[in-house]
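Below is one structure, written out as structure tokens, with a few remarks after it.
A short reminder: the numbers here are calculations on the coordinates, not readings from a lab. Keep in mind that what you see is a predicted model, and the values were worked out from it rather than measured. Cβ placement follows ideal geometry from the backbone for every residue including glycine, while neighbour counts extend to all protein chains displayed.
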Amino acid sequence: MITLIFLLILIFSTGFFTGIYTSNTLFASKELKDLTEKEKIEDFEYMYNILKDNYAHFYEVKKMYGYDWLAHKEEFIEEIKNTRNNIEFYNKLNEILRNLHDGHLYVASPSYFNYLLKLIEDEEIRNFIEFKPFIKIFKDSKKNYEKWSELLGSVNPNYNSSFFVQMRRGQKNIKTEILEEDKIAYLRVNSFLIDKDQNSKNYREEKKEIYNFLKTIKDYPYLIIDISGNEGGSSDYWIDAIVVPLIGEKGFKYSEDKSTWFYLSRKGEYTKKNFERYVIFYDKDKFKESPIYDKLSEEMKKDFTICEFKENLSKQNEKYIEKFFKSNEYVNFKGKIFLIIDRGTFSAATRFAMFCKETGFATLIGRSTSGDGSLTSYMRLPNSGLIVRFEAGTVLNRDGSSFFIEGVKPDIELDVPDTNAGYPEVRAEILKQKTVELIKSLGKEK
């Protein structure tokens, strides 16, 4: 039995792609009411104030990049004033947020917003803590986003209202290889994004392709799964299409949370209001008694507290995960699995790496992944109706170091640069060959 001891982070700590449209083209349509300078500044200040008290990663960004985002407020306001139309305003907000180097912080594009609406048609997903507190603001922004979609479509001939189509761009997602007959098999997955805005037709085809491959190599002693450069999508993908078929009848064993990580939340009123039904926030005295408290900076002691998910959420998650076992075909792979990761591994792909690290499902090889946080949150800007996604929680390792900064570390680190000059396929090939060399060296040692 594999023990799944961090189930909450799997489901609740995000797992969907960044969807950002970045054209600076002047808008051509008058369908959407022009925002006045006053309305633009009001929207920016609303966003700024919510983030100031609730966004989780200001301290980590300052440590990583030496950049104090909050100190640039007046500069940002001047940039907002200089936007000449709605498109420039939309792009400028995203540009301002990108200064924080956080792939889970952005103004939702119309295609991503439509993707969210499709997701929450599923009652189980709608009841997740990631979405349930924000259903009303999604509904309130529906008509706004219809207009934003028309506007963006009018200035960009390549615009597509399907988030999945925009992100995939027609690229093949799955690569399978037999690297050594009867010994080493290779599976690469470029993205865990599921086309739920198109009834998951593409995902079902990919799942079948993966299953057929795994079935043919089920007796191999080694399987390499490559998620280097995989920026995430949905954890459902890797649970359903990879983990469950490989684990098969062994299944998951649920246990008390003895996780490697501490979950900390900002103490802003917006966060408390949205999550108090689902999360227990430690009071000041209980926070001081926690083993992580003395390892925190004075800033973090002041602005954060530990949060724990309430018991009923664990049971909800168990039920959600178990449905994949009831509706799946098993391979029952008994060989050794290596998971290739690197700094381009993010979001739901990082969740897969965390799962492997905690359960021993696979040996991690490569470079550290990118990290993120928890308590996915959304706000609605009052004038434009735009939705901003951010994280109100951060995750710390037991030694007090930041998961946002460090990500998941490999069990075996490979001597490969963190970037390869914009050629991910070259980097993937290098990582693959080095992993094969390692496997062959293990065989020689025996």
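Rg and Dmax of region 265-402, both derived from C-alpha coordinates alone, stand at 18.4, 56 Å. Near the amide H of Ile224, within less than 5 Å, lie the amide hydrogens of Ala185, Tyr186, Leu187, Phe338, all on another chain or at least 5 residues away, with H placed in the peptide plane. A convex hull fitted to the Cα coordinates of region 34-101 yields 75 cubic angstrom per residue. For His101, no residue 5 or more places off, or on another chain, has a built amide H under 5 Å of its own. Using the Cβ-Cβ distance between Lys33 and Asp411 with R0 set to 41 Å, the FRET efficiency from 1/(1 + (r/R0)^6) comes to roughly 0.15. Each label was represented as a point 7 Å from its Cα along the Cα-to-Cβ direction; for Asp399 and Asn82 these points are 4.3 nm apart.
Hey, with R₀ at 22 Å, roughly what FRET efficiency would Asn99 and Glu299 work out to, going by the Cβ-Cβ distance, to 0.05? The formula returns an efficiency of 0.70 here. On the beta carbon distance between Asn127 and Asp53, with R0 = 35 Å, the FRET formula returns roughly 0.85. Taking the inverse of the mean reciprocal distance over all distinct Cα pairs, the Kirkwood hydrodynamic radius of region 176-234 comes to 12.5 Å.
The stretch between Ala71 and Lys175 holds 32.9 nm of extra length on full extension. This uses 0.36 nm per residue minus the Cα-Cα distance. Couplings 3J(HN,Hα) for region 191-207, derived from phi with the Karplus relation 6.51 cos²θ - 1.76 cosθ + 1.60 (θ = phi - 60°), are 8, 9, 6, 9, 7, 6, 7, 9, 6, 6, 4, 5, 4, 4, 5, 5, 4 Hz, where x marks Gly and Pro. Fully extending the segment from Ser162 to Ser441 would add 95.9 nm, taking 0.36 nm per residue of separation and subtracting the current Cα-Cα distance.
Across region 146-152, coupling constants 3J(HN,Hα) worked out from phi with the 6.51/-1.76/1.60 Karplus curve, θ = phi - 60°, read 4, 6, 4, 5, 4, 5, 5 Hz, and Gly and Pro carry x.
Our coupling estimate for region 104-116, obtained by passing each phi through the Karplus curve with A = 6.51, B = -1.76, C = 1.60 and θ = phi - 60°, is 9, 10, 5, 7, 5, 6, x, 5, 5, 4, 4, 5, 4 Hz, Gly and Pro reported as x. When Rg and the Kirkwood Rh are both derived from Cα coordinates, the Rg/Rh ratio for region 351-429 amounts to 1.10. Can you flag which of Lys92/Lys139; Lys52/Lys301; Lys142/Lys302; Lys73/Lys272; Lys323/Lys357 are past 27 Å Cα-Cα? Where the Cα-Cα span goes over 27 Å, the pairs concerned are Lys142/Lys302.
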